Amino acid sequence: MKKRFAILLSLVMMVSIFTACSAKGPDRLVIAARGGSHVTAMEAVKEAFEKEHKVKVEIIGLEAADLKQKVSLDAKNKQGAYDLIMADDPWMPEFSEGGIFANLSKLGVEADDDFEESSIALGKNPYATGDLYALPFSGNVQLFFYNKQLLESHNYDVPKSWEEVLTIAKDLHADGASGYVIRGQQGNPIVSDFLPILWAYGGQVFDDAWKAQVNSEPAKQALNTYIQLLAVGSNYETTDIVSSVSEGRAAMALGWPSWFIKGEDASADYAPIPAKGTANAETAATGMIGNWMMGVTANAKNPELAAKFLTFITSSETQKKMVEHGGVPTRKSVYLDKELSAKYKHFPTQLEALQNSVARPRTPKWSRVEEALGSELSAAIAGTKSVEKALSDANQAIDQIMQ
């Protein structure tokens, strides 16, 4: 009798536990995120979603290379370890076409008109026109940073062309300062630093048929300008770029806002990137966009709930709260909010740069293209190859990659 009672009690307890678990729904969502401020911002606002949906949101912060590797490997599993993932926007073609991201359109996620157009275009495949695979989480875009005191001491305004940048850099170099700082390390750094100058001169990496165009006359003009800027400047990594411009040892550089701007405070002045090569040239879009995107994994355990979190974390209300914790908006209403723009004075400039930005070529092979181009640009600035030879070799290598 006692044994039968014990069995019955055990069954009742199991049913109670099962019922409780079923009532509370899925117990967690797991997000693979780019570490740092992105994780901090999400951690600061996730509680409201957790309470409403009775779920624990676990955010795993990873370095960019580690994030891409782990996500790519996990995508091969039938059921993944992650429900949502972040992706640097150049990864989008690879992640969308490779089946890593779920089709958000099929999950009922829509992109409203409040998202900045250049940001939302990154989340679609084909680019700007296709189905939605990710929403823009962090609205990074490169800016032109300068030491205002140095420029004003020589009666210069903010340059509008790269011809003016070079003139100012030469003048300040002759007076003992570093006129311009390049970020010339091989691979992503030098390519990201060079492309806005290439675009300003009217150059492109590819034509409409995906044939390489980096040995064009605009590309040669851009690389010659880049080399001349180095001759009257310096080649630094990120930390030294920021400190040299901020402290007035160097006059100008390109950079991402998070390098120079922390919260409400900026260590150097800023403007959109000069939009033409020479003073009389046509204006071009030159701001390199570098959004971090977020999407639901194709093998997510809880895709519907993950889609709800994605909508929550990219909403205007949540973005406004995340700004206080290092979040970077992707919605126009957040940038244009009077209270926020009065506090974060870089918002109008950053929105202008986003609206005139350029995406890196939308190909799954971009990482290999970037590596090949970066190698040849490094050879050119080191003087081991002429401008013509470096760009010709880069063009050939890129065409081989794209075959």
### Task
Grab the eigenvalues of the alpha-carbon gyration tensor for region 110-179, scale each by 5, take roots, and send me the semi-axes largest first in whole angstrom.
41, 12, 10
### Query
Quick one: if the Förster radius is 45 Å, what FRET efficiency do GLU304 and THR278 give, using the C-beta to C-beta distance and rounding to 0.05?
0.25
## Note on the structure
With a Förster distance of 25 angstrom and the Cβ-Cβ distance between GLU247 and ASN155, calculated FRET efficiency to the nearest 0.05 equals 0.70
### Query
Based on the Kirkwood radius over alpha-carbon pairs, what value in µm²/s does the Stokes-Einstein equation return for the translational diffusion coefficient of region 230-333 at 4 °C and 1.567 mPa s?
75 µm²/s
### Query
What ranking do 203-211, 175-183, 373-381, 190-198 get when scored by the average of other Cβ atoms within 10 Å per residue, highest first?
190-198, 373-381, 175-183, 203-211
### Task
Would you work out the relative contact order for the chain, in percent, from Cα pairs under 8 angstrom that are 6 or more residues apart?
25 percent
#### Entry: Segments 325-333, 249-257 sorted - mean Cβ within 10 Å per residue, highest first
249-257, 325-333
### Amide N proximity, region 40-62 versus HIS325 label position 7 Å along Cα-to-Cβ, cut-off under 15 Å
40-52, 56-61
### Task
Filter the DSSP H helices in the chain by two things, a Kyte-Doolittle mean of at least -0.5 and an axial alpha-carbon span of 30 angstrom or more, and list the hits by number.
2-24
#### Entry: Pair-distance profile P(r), taking every C-alpha pair of the chain, with 20 angstrom steps and integer %
26, 52, 17, 4, 1
### Task
Using only Cα positions of region 52-112, each an equal point scatterer, no hydration layer, compute I(q)/I(0) via Debye at q = 0.12 Å⁻¹ and quote the log10 values to two decimals.
-0.35
### Query
Is region 33-146 rounded, prolate or oblate when judged by the Cα gyration tensor, a ≥ b ≥ c being the square roots of its eigenvalues, rounded requiring a/c under 1.5 and prolate requiring a/b larger than b/c?
rounded
### Summary
With a ≥ b ≥ c from the Cα gyration tensor eigenvalues, square-rooted, and the rule rounded for a/c under 1.5, otherwise prolate when a/b > b/c and oblate otherwise, region 230-274 is prolate
### Task
Using a Förster distance of 25 angstrom, determine the FRET efficiency expected from the C-beta separation of ALA128 and LYS51, and round it to 0.05.
0.10
### Message
Can you show me the helix-derived [θ] at 222 nm for the chain, built from DSSP H runs with n ≥ 4 at -39,500 (n - 2.57) apiece and divided by the number of residues, rounded to the nearest 500.
### Response
-14500 deg cm²/dmol
### Query
Relative contact order of region 71-173: what whole-number percent is it, with Cα pairs under 8 angstrom and at least 6 residues apart?
18 percent
### Task
Calculate the dipole size of the chain relative to its Cα centre from +1 charges on Lys and Arg beta carbons and -1 charges on Asp and Glu beta carbons; express the result in debye to the nearest 20.
1940 debye
## Note on the structure
Length-normalised contact order of region 241-323, Cα under 8 Å, at least 6 apart, in percent, tallies to 13 percent
### Query
If we count every other residue with Cβ under 12 angstrom of SER243's Cβ, Lys/Arg +1 and Asp/Glu -1, where does the sum land?
-2
### Task
Filter the cross-link list LYS106/LYS345; LYS170/LYS343; LYS211/LYS276 down to pairs whose alpha-carbon distance in this structure exceeds 28 Å.
LYS106/LYS345; LYS170/LYS343
### Packing-based order for 295-305, 361-371, using average beta carbon neighbours within 10 Å, highest first
295-305, 361-371
### Query
Among rounded, prolate and oblate, which fits region 257-403 when a ≥ b ≥ c are the square roots of the eigenvalues of its C-alpha gyration tensor, a/c under 1.5 means rounded, and a/b larger than b/c means prolate?
oblate
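FYI, it's all coordinate maths here, none of it is from the lab. Model, not experiment: these values are computed from the prediction. Note that each Cβ is placed from the backbone with ideal geometry, even for glycine, and that neighbours are counted across all protein chains shown.
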